[in-house]
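The values are calculated or read from the model by the stated rules, or taken from the named source; none is laboratory data. Not measured: the values here are computed from a predicted model. Don't worry about glycine lacking a Cβ; one is built from the backbone with ideal geometry, like all the others, and counts go over all protein chains shown. Heavy atoms of the whole protein, side chains included, go into the accessibility calculation; ligands, DNA and RNA do not. Shrake-Rupley method; radii C 1.70, N 1.55, O 1.52, S 1.80 Å.
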Amino acid sequence: MKIHEYQARDLFRKYGIPVPDAILCHSVEEVEAKVPDDNLLRVVKAQVHAGGRGKAGGVKLARSKAEAVENAGKILGMDIKGYTVEKVLIGDAVDIDKEYYVGLINDRNTRNVVLMVSAEGGVEIEEVAKVTPEKIIKVPIDPLVGLMDWQARELALQLFSDIRHARMAASIFQKLYKLYIDTDSSLAEINPLVLTLQDEIVAIDGKMNFDDNALYRQPGILEMREVTADEQKEIDATEKGLSYIKLDGTIGCMVNGAGLAMATMDMIKLYGGEPANFLDIGGSSNPQKVIDAMDILLSDKNVKAVMINIFGGITRCDDVARGLITALDQIKTSIPIVVRLSGTNAREGLELLKSKGLLTVGSMGEAARKAIELSKL
Amino acid sequence: MSILVNANTRLVVQGITGRDGAFHAQKMKAYGTNVVAGVSPGKGGQVIGGIPIFNTVGEARSATGANASVIFVPAPFAGDAILEASYAGIELVVAITEGIPVRDMIRVIPAFKCNGTQLIGPNCPGLITPGECLIGILPGNIFKKGNVGLMSRSGTLTYEVVNQLTESGLGQTTCIGIGGDPVAGLYYQDLLQMFEDDPETSGVVLIGEIGGDAEEQAARFIKNHMTKPVVAFIAGQTAPPGKRMGHAGAIISSGSGTAEEKIRAFNEAGVPVAKEPSQIPELLKQLIR
């Protein structure tokens with residue numbers, strides 16, 4: 001789960017990480033009403049769940065209230081990577097001396113939380129990681145003792161020569177780690193962390209993601225959730241025990257198991273088609289799940305054919321076939337459907353489907369070829 | 001021979017009174033796995049389907065000599081159940097449970113290192129040495145005893161591949177589902193080394209998917225340490241960046257973890273990568289011969 005910059009800032013502030021003052025606005029009128037008329041330099045920033053806001057024109061300076069109003073007007077409603085800007089954050093600009101990067105992430109290789117810092121702040125850290133990986137310093141954190149004082153200080157001293165600055169930064173690292181652990185975060189970034197000309201260290205921009213599997217014990221984080229229409233579809237699917245991701249192709253896929261679902265999409269592509277979605281119906285042969293899955297698939301108007309690929313392991317194929325028949329009796333559709341069943345009781349399942357006049361095939365490859373052919377009719 | 005589990009494995013089922021635990025405990029027993037105990041706090045003393053139930057893993061181990069455990073405990077409590085098995089002296093823990101918070105798994109890892117416990121999963125289908133021992137939710141009927149070792153991050157895709165291996169006459173020594181989570185126990189390199197050392201295994205199938213760089217690391221390991229042939233398959237070539245494909249680990253982030261990079265790494269290590277699952281048996285037969 002993702003949150004906006006302004007929400008991350010609120011969390012930073014709660015954990016004692018310094019952030020400059022800022023005002024959140026949803027409309028030009030709100031900017032008019034809330035921003036003081038004092039000619040202070042401010043930054044107007046789009047609040048969307050996408051990176052690269054600056055490049056897209058979603059971040060603008062304002063030297064006066066009038067300019068803040070004008071720029072907010074330009075940014076609100078703007079489309080950034082498919083997201084419409086509905087909120088802007090208007091923050092006090094700071095006198096930047098130097099910019100740094102600070103990030104925490106769950107690392108697969110060390111199987112720990114890793115703290116990453118760099119003196120190359122303010123730019124896209126992915127670029128730094130690619131071009132000059134040596135400029136990012138990484139430290140794995142022992143989950144049993146946490147980020148130790150000396151560890152935070154040692155890392156801070158690699159960025160700051162002045163011990164006063166290093167102490168301030170070390171304290172910020174530890175606060176960010178506490179926030180990360182307390183909220184079951186999966187990514188926490190301050191970019192940039194800024195040393196100001198007034199000798200302060202402040203977080204100018206922040207980003208946080210959270211572990212979806214832990215949201216059940218993070219009610220405060222869950223409250224901050226904000227979803228787009230496409231994401232809502234995915235969440236609805238999850239609540240029904242399905243895992244769904246919309247894509248842009250024409251072949252709808254329904255598969256049991258995530259790995260097999262990915263392999264099915266790949267096969268459609270391999271034979272010259274384009275998958276319309278990723279859809280994992282999990283292990284159960286419950287007809288309701290099949291009905292829900294078909295509903296979701298067919299609500300995508302791009303779908304021209306459906307490929308159902310089931311490998312019966314513990315799930316018996318004849319049960320799946322019965323589920324499918326019940327489902328298809330309820331959903332009348334003219335969209336062609338190709339079913340492939342394999343594994344436990346596949347023969348019985350296929351016979352059931354055939355007796356109902358459904359198109360069945362014996363292998364994944366055949367199913368993909370057939371579905372593509374039918375989608376072009 | 002085989003790796004990790006065999007006819008001498010004595011299994012305790014944690015979460016045996018839950019729906020999945022109860023069902024699969026009987027399935028494993030019916031397959032021939034030596035299921036010696038179940039654990040469900042508060043239900044100690046009962047016997048369910050011929051399996052004695054204990055309140056704690058410690059009791060189960062003292063009473064039955066269990067040396068392996070399988071976890072069906074619900075996600076919010078699974079991290080703790082895994083730790084309980086490790087502190088009770090269980091040697092191999094197989095965590096089937098899906099959806100365990102990463103923070104809980106990160107806490108498990110150092111305890112396992114310290115206690116010398118081996119972990120498979122979480123969010124995995126388990127493992128099997130055909131004809132001897134099945135742990136988890138794998139469909140036993142598709143496996144056949146033989147000389148191919150198999151490891152995979154996925155469930156049903158594994159069954160698909162195993163089915164094709166078996167149908168083309170290639171039986172298996174041991175097949176392991178390592179799980180789809182970002183923080184997991186035994187991984188490709190550990191298992192590759194075990195298969196390399198197992199005299200019965202003559203070839204290995206590695207099924208990977210998008211996300212992370214475990215496949216790239218496995219490719220380097222194969223190049224430097226493996227004498228036995230390996231065939232790979234990678235799922236997720238059409239997956240878009242930034243979208244999690246069902247498994248918590250299957251996500252292409254910041255342009256890394258793509259199928260393309262993984263396939264390139266295997267090609268550079270001289271490991272053939274099947275374009276579709278049905279090519280795997282043929283590729284393997286050519287190399288084993």
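Here are the numbers for the structure shown:
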| read-out | value |
| --- | --- |
| Cα-based convex hull, segment A:70-188, per residue volume (Å³, whole number) | 160 Å³ |
| Average beta-carbon neighbours from other chains, 10 Å sphere, peptide B:131-141 | 2 |
| Inter-label distance, nm, simple model (7 Å from Cα along the C-beta direction), A:Val114/A:Gln330 | 4.6 nm |
| Rel. contact order, % - alpha carbon contacts under 8 angstrom, at least six apart, chain A | 12 percent |
| Listing of segment A:247-261 residues, each with accessible area lower by at least 20 Å² in the full protein assembly than in the chain alone (probe 1.4 Å) | A:Leu247, A:Ala258, A:Gly259, A:Leu260 |
| Å³ per residue enclosed by the Cα convex hull of chain A | 170 Å³ |
| Å² per residue, accessible surface of the protein assembly as shown at 1.4 Å | 40 Å² |
| Rg in Å to one decimal, and Dmax rounded to a whole Å, for segment B:10-120 via C-alpha atoms | 12.8, 36 |
| For A:Val94, solvent-accessible area (1.4 Å; no DNA, RNA or ligand), Å² | 40 Å² |
| Principal-axis tilt of helix B:75-87 within chain B, Cα atoms, nearest 10 degrees | 80 degrees |
| For the pair A and B, total buried accessible area rounded to nearest 100 Å², probe 1.4 Å | 4000 Å² |
| Summed side-chain charge close to A:Ala8 - residues other than A:Ala8 whose Cβ falls under 11 Å, Lys, Arg +1, Asp, Glu -1 | +1 |
| Helix runs (DSSP H) in chain A reaching 27 Å along axis by Cα, Kyte-Doolittle at least -1.0 | A:163-182 |
| Between segment A:192-251 and segment A:315-377, the alpha-carbon center distance in angstrom | 36 Å |
| Built amide H within the under 5 Å cut-off of A:Gly312, gap 5+ | A:Ser342, A:Gly343, A:Thr344 |
| With eigenvalues of the C-alpha gyration tensor scaled by 5 and rooted, segment A:134-241, Å | 33, 16, 12 |
| Test item: Cα-centred dipole of chain A, Lys/Arg +1 and Asp/Glu -1 on Cβ, debye | 1100 debye |
| Segment B:135-260, dipole about Cα centre (Lys/Arg Cβ +1, Asp/Glu Cβ -1), debye to the nearest 20 | 160 debye |
| Evaluated at q = 0.24 Å⁻¹: base-10 log I(q)/I(0), Debye formula over Cα of segment A:275-323 | -0.94 |
| Karplus (6.51, -1.76, 1.60) ³J(HN,Hα), θ = phi - 60°, over segment B:4-12, in Hz, Gly and Pro reported as x | 6, 10, 7, 5, 8, 5, 10, 9, 10 |
| B:Asn115-A:Arg63 pseudo-label distance in nm [points 7 Å out on the Cα-to-Cβ vector] | 6.6 nm |
| Percentage, to the nearest whole number, of Cα pairs in the protein assembly as shown over 49 Å apart | 18 percent |
| Two-decimal log10 I(q)/I(0) for chain B, as the Debye equation yields it once each C-alpha is a single scatterer, q = 0.14, 0.15 Å⁻¹ | -0.97, -1.10 |
| Largest-first principal axis extents of the Cα set of segment B:143-289 (Å) | 40, 30, 27 |
| Carbon plus sulfur fraction of accessible area for chain A, probe 1.4 Å, in percent | 51 percent |
| Residues of segment A:314-346 buried by at least 50 Å² on assembly (accessible area, 1.4 Å probe, chain alone as reference) | A:Ile314 |
| Top positive-direction residue, dipole computed over the protein assembly as shown with Cβ charges, set A:Asn302, B:Val35, A:Ile17 | B:Val35 |
| Taking chain B and dividing mean pair separation by its residue count, relative contact order in percent (alpha carbons under 8 Å, at least six apart) | 14 percent |
| Accessible carbon and sulfur surface of chain B relative to its total accessible area, %, 1.4 Å | 49 percent |
| Under Karplus coefficients 6.51, -1.76 and 1.60, residue-wise ³J(HN,Hα) of segment B:257-267 in Hz, glycine/proline x | x, 6, 4, 4, 4, 5, 5, 4, 4, 5, 4 |
| Per-selection metrics, segment B:124-222 (Cα): Rg and Dmax in Å | 12.6, 35 |
| Segment B:139-287: relative contact order as a whole-number percent, Cα under 8 Å and 6+ apart | 25 percent |
| In order through segment A:52-57: 3J(HN,Hα) via Karplus (6.51 cos²θ - 1.76 cosθ + 1.60), integer Hz, x for Gly, Pro | x, 5, x, 4, 7, x |
